[in-house]
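K.L.:
Questions regarding the structure given below will be posed in turn.
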Amino acid sequence: MSYTHLKDRQYYEDVYDRHTVEDARRGMVYYDDFYLKFEKKLPKDDKIDRPGNAILLNVFYMQTVGDDLLYRYENRDQKISEWITRDEEKDEQIASARLSEEPHCKHCGKQGLRIIDKSLTHRNEDANYDDPEEVMFMLSCPHCKKNSAFWEDGTPWKLKPTLCPKCKAEMTHTTTETKTAMTFTYTCPSCKHSYKDKIDIKDKKEKPDPNYDEDRAHFCLQDKEFRDKLFEIRRGLLEMAALGKEFKEKEDNKHIYDAMKEVKKPKIAELTPLLAPSLEKAGYIEFSLDKPEMGRDVFIGFSCLDSKSGREDYDSRKTLKKLVDKALIDTNWRLMSDGINYRLGYLNGKIRAYEREEDIKNLVMKTRKLKPKDNSIDTDKSRNAYSIKGKNGEDILL
Ligand SMILES: [Zn+2]
Ligand SMILES: [Zn+2]
């Protein structure tokens with residue numbers, strides 16, 4: 001098996017790191033520019049390394065460069081493995097490809113062609129870069145010495161015709177090649193319209209990049225101290241952002257948190273005195289609680305007798321439900337949704353306690369019809385200050 005796609009691991013590492021360096025250099029242009037403008041605007045008695053200023057520069061550094069560096073560092077091995085797997089698969093696809101039938105020479109119609117090349121390419125010209133490619137066979141004819149190309153399934157490869165922009169006839173073209181460019185001259189046999197297309201093939205000499213090795217070591221986070229510092233900054237900023245968000249949420253939804261403070265949390269022993277009197281007044285006697293069911297939440301069954309004659313099933317249940325709901329409205333207890341059962345004047349149901357902050361919050365919002373403020377706009381104003389050495393040893397105030 002020949003490896004036309006798969007290369008040394010070093011190749012992929014170089015490609016990945018070059019990309020990292022190029023991105024980072026672009027980001028540093030913004031950061032340096034911001035830094036200079038920021039420094040210029042400072043009042044005379046202020047210094048750029050004052051903690052308050054450093055915070056802002058930190059945030060800006062992470063946004064323009066730092067977060068990307070960490071992301072690319074963390075994903076480097078995985079990305080490179082993906083590239084290697086992809087290229088291995090391409091080689092495998094080429095190696096295992098077989099022509100499904102013996103093709104005829106496109107030029108003389110004879111058989112017995114010899115495969116001189118196999119390559120991967122998109123059959124559809126509009127395909128995206130990531131779409132799967134197909135194997136194309138290049139065959140040489142021993143009889144007429146001309147080449148023909150076929151897809152794996154035996155379909156001859158066809159160059160998509162260039163149509164005349166004026167009369168839509170198929171154009172012919174000639175190619176002239178110089179050292180620096182290829183020129184294609186298209187001519188319409190029908191209306192004689194003609195135009196040229198030029199492709200530069202000048203060797204793009206790579207400009208010398210004396211800082212590359214140093215930048216690669218720096219931006220690819222090869223220095224452990226710098227790397228650890230960046231991770232620490234990111235962690236700090238994320239924590240501060242989360243705290244800030246929580247603080248802001250509490251501030252924005254003060255009306256809800258205030259209402260939560262007003263919610264009464266009666267003990268189990270306090271439930272009977274809370275419920276029994278109002279039920280008795282309405283004719284429900286002998287109120288009693290079952291043994292509580294203690295799980296993640298607490299449930300308690302209750303029962304009573306309807307002493308009012310003439311009040312039957314539906315009315316009795318509905319009236320009792322109203323009374324229980326009303327008695328519990330200011331507490332963290334609620335009647336459960338499966339409601340109340342009735343048989344021959346004996347009624348029973350279940351109530352449950354809401355104990356977790358989030359549950360109580362939902363409870364008061366529902367009961368009192370309180371709406372939270374929209375917190376979708378993220379304001380991470382609170383940030384932390386750090387200090388770190390830049391790539392040239394200068395203090396870049398992270
Ligand atoms: Zn031939
Ligand atoms: Zn034409």
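Taken together, the values in this text are just the output of simple stated rules run on the coordinates, not laboratory data. Just so it is clear, the model here is predicted, and its values are computed rather than measured. Cβ coordinates were reconstructed from backbone atoms using ideal geometry, including for glycine residues, and neighbour counts include every protein chain displayed.
K.L.:
Can you give the log10 of the normalised intensity I(q)/I(0) at q = 0.11, 0.13, 0.23 Å⁻¹, computed with Debye over equal Cα scatterers of the stretch 9-96?
P.N.:
-0.49, -0.59, -1.06
K.L.:
For the stretch 1-54 and the stretch 90-152, what is the centre-to-centre distance using only Cα atoms, to the nearest Å?
P.N.:
That distance is 45 Å.
K.L.:
What residue among ASP338, ASP213, ASP23 shows peak mean-square fluctuation when the chain is described by a Gaussian network model with Cα springs under 10 Å?
P.N.:
Greatest mean-square fluctuation among the candidates belongs to ASP338.
K.L.:
Would you mind getting the Kirkwood hydrodynamic radius of the chain from its Cα pairs, rounded to one decimal in Å?
P.N.:
Across the chain, the inverse of the average 1/r is 30.8 Å.
K.L.:
Here's a follow-up. Just how far, in whole angstrom, is the stretch 252-291 from the stretch 294-329 if you go by their alpha carbon centroids?
P.N.:
With the stretch 294-329 and the stretch 252-291 each reduced to a Cα centre, they are spaced 13 Å.
K.L.:
Nearest 10 degrees, 0 to 90: what angle lies between the long axis of helix 268-281 and the longest principal axis of the chain (Cα atoms)?
P.N.:
60 degrees
K.L.:
In degrees from 0 to 90, rounded to the nearest 10, what is the angle of the helix 357-367 Cα long axis to the longest principal axis of the chain?
P.N.:
It works out to around 70 degrees.
K.L.:
Ranked highest first by the average count of other Cβ atoms within 10 Å around their residues, in what order do 266-272, 102-108 fall?
P.N.:
102-108, 266-272
K.L.:
Which Cα, out of ILE199, PHE150, LEU335, lies furthest along the positive dipole direction of the chain (beta carbon charges, K/R +1, D/E -1)?
P.N.:
LEU335
K.L.:
Okay, moving on. If I fit a long axis through the Cα atoms of helix 313-328 and take the longest principal axis of the Cα atoms of the chain, what angle between them do I get, 0 to 90°, rounded to 10?
P.N.:
Roughly 80 degrees, rounded to the nearest 10.
K.L.:
Tell me the Rg and the Dmax, in Å, that the Cα atoms of the stretch 282-370 produce.
P.N.:
My reading of the Cα-based Rg and Dmax gives 14.1, 43 Å.
K.L.:
State the answer as a single residue: which of THR180, GLN222, ALA241 lies farthest towards the positive end of the charge dipole of the stretch 180-249, with beta carbon charges of +1 for Lys and Arg and -1 for Asp and Glu, about the Cα centre.
P.N.:
THR180
K.L.:
Between TYR16, TYR30, VAL65, whose Cα lies farthest towards the positive end of the dipole of the stretch 9-96 when Lys and Arg beta carbons carry +1 and Asp and Glu beta carbons carry -1, centred on the Cα centre?
P.N.:
Going by the Cα projections, it comes out as TYR30.
K.L.:
Moving on to the next point. So if I place +1 on the C-beta of Lys and Arg and -1 on the C-beta of Asp and Glu, and nothing else carries charge, what would the dipole magnitude of the stretch 9-96 be about its Cα centre? I want it in debye, nearest 20.
P.N.:
In total the dipole reaches around 680 debye.
K.L.:
Now for a different question. What size of dipole, in debye to the nearest 20, comes out for the chain about its Cα centre when the only charges are +1 on Lys and Arg C-beta atoms and -1 on Asp and Glu C-beta atoms? Present the calculation step by step, with values, prior to reporting the outcome.
P.N.:
Numbers: 75 positive and 76 negative charges, 292 e Å.
In debye, rounded to 20, the chain gives about 1400.
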